[in-house]
1. Can you give me the accessible area per residue for the stretch 25-65, using a 1.4 Å probe, in Å²?
2. Accessible area of the stretch 181-252 with a 1.4 Å probe: how many percent of it is carbon plus sulfur?
3. Consider just the alpha-carbon atoms of the chain and return their Rg together with their Dmax, both in angstrom.
4. Given +1 on the Cβ of Lys and Arg, -1 on the Cβ of Asp and Glu, and no further charges, what dipole in debye does the stretch 248-395 carry about its Cα centre, rounded to the nearest 20?
5. Please state the relative contact order of the chain as a whole percent: Cα pairs under 8 Å, 6+ residues apart?
6. Which helices pass in the chain if a helix is a full DSSP H run, must span at least 18 angstrom along its long axis by Cα, and must have mean Kyte-Doolittle hydropathy not below 1.0?
7. Relative contact order, percent, of the stretch 181-320 when contacts are C-alpha pairs under 8 Å separated by at least 6 residues?
8. Accessible area per residue, 1.4 Å probe, Å², for the stretch 291-382: what's the number?
Amino acid sequence: MSTSDNDKQTQPKRIAIIGSTGSIGCQALNVIRRHTDLFAVEVLTANTNADLLVSQAIEFQPNAVVIADETKYQQVQQALAQHDIKVFAGEGSLADVMEMSTIDTVLTAVVGFAGLKPTLRAIEYGKTIAIANKETMVVAGEIVTRMAVRKKVAILPVDSEHSAIFQSIVGEWHNPIEKILLTASGGPFFGKKSDFLETVTVADALHHPNWHMGRKITVDSATLMNKGLEVIEAKWLFDVAPQQIEVVVHPQSIVHSMVQFADGSIKAQLGLPNMELPILYALSFPHRTADPVPHLNFADHPTLTFAKPDPDTFVCLRLAYEAIQRGGNMPCIMNAANEVAVAAFLNRKISFLQIPEVIANAMNTGLFVDKPSLDDLLQTDAEIRRQTIDYLKNK
Ligand code: NDP
């Protein structure tokens, strides 16, 4: 950070958003648009959505933009020719721009494994990380947290549940966490059984009751793999054992998660289901920034309910606990298979219930590495994707 914890900042914090054209990226830009005295945009990136990247760049005038899809380079470069904005293309550039000395904070809003390399490069170059890209923590939590400690880099959670946990432990640094109560909306199929899930469609799975998010995370929420990924993310972010993380279904998505301490007290963070709140908190930390988004009014939400999840029906949650218990590269195997399976489901190649089947197959057949290096994880990801695509061809 450019200011000490006790001082109000005098210069806008310079933010790089990797994945600015997605759901989190666009919401982060809404936050920045409301607080230009506090935040300035330094880098924006997209995968293929050149049109949106260009219009964001023209509005926010970053120092640089990256389009991962190299075939779109000319289009972006020509559209921004009249502006003083550097244009880069390719997956490698996504990590290379993280070295820019002008960046203070990197918001990782890319979806999937693609977030890993740029996040590691940003940590290596001492940038504060506001992490939305949970897959990075899932596949390489140990490597990421070890490097962050070595580089004295803060990793601030953006995911609403992890932001709630973080907000519950601020000021509790010397009091160990007894248990994390990780809340889950339950997704669109809460309470349903396998016979119902057999026939659900892509449109059904994309119809989340409380949150409007990118397609991959919305399907993950429907299978409860999203909660499984969050259990693993929480393990690494808060240095707890998987048995200390209990998933609690809370369909109203008002209590964003809770922490129980040794004396039995439980602290929670509550708010309306709106990602702009945890994004603003991560960008503002350690301060709280006054913001005009609608605030929670208890009287409007008289009923808050809590229930146990059903891991026998929503097998992905059980697979995620199994992956983190087995350790090594198993979460990476699980994540790669899940990314391929979700894409196949979205492309209507497999059914909803085949998603956990595909992941379980990868976890049973993938080559296990007990203490993986970064190269091992990169290899695991590539190999499991290849194997899973082959497995799906024979379905
Ligand atoms: P989206 O699919 O909406 O957006 C993904 C972003 O990443 C887009 O900018 C996309 O570019 C870019 N991108 C995708 N693939 C690549 C790639 N291979 N290389 C470079 N850039 C890529 O996702 P979300 O915003 O929903 O989610 C982003 C992350 O945040 C995920 O890890 C998710 O789990 C997490 N998260 C999301 C929440 C939400 O409310 N959406 C809540 C909590 C966590 P393009 O537009 O060009 O395709």
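1. The answer is 37 Å² per residue.
2. On the way: 1480 of 2800 Å².
For the stretch 181-252, the apolar C and S fraction of the accessible surface comes to 53 percent.
3. Here Rg and the maximum Cα pair distance are 20.4, 62 Å.
4. Values: 12 positive and 15 negative charges, 58 e Å.
Magnitude of the dipole: close to 280 debye.
5. On the way: 700 pairs, mean separation 54.5, N = 395.
Reported relative contact order: 14 percent.
6. Working: long enough: 134-150 (21 Å, 0.41); 225-238 (19 Å, 0.23); 330-346 (24 Å, 1.34); 374-393 (29 Å, -0.70).
Qualifying helices: 330-346.
7. 32 percent.
8. Details: 4560 Å² over 92 residues.
Here the per-residue accessible area is 50 Å².
The values are calculated or read from the model by the stated rules, or taken from the named source; none is laboratory data. Because the structure is predicted, anything quoted here is derived from the model rather than measured. We place every Cβ from the backbone using ideal geometry, glycine too, and count neighbours over all the protein chains shown. With ligands, DNA and RNA removed, areas are computed over all heavy atoms of the protein, side chains included. Shrake-Rupley method; radii C 1.70, N 1.55, O 1.52, S 1.80 Å.
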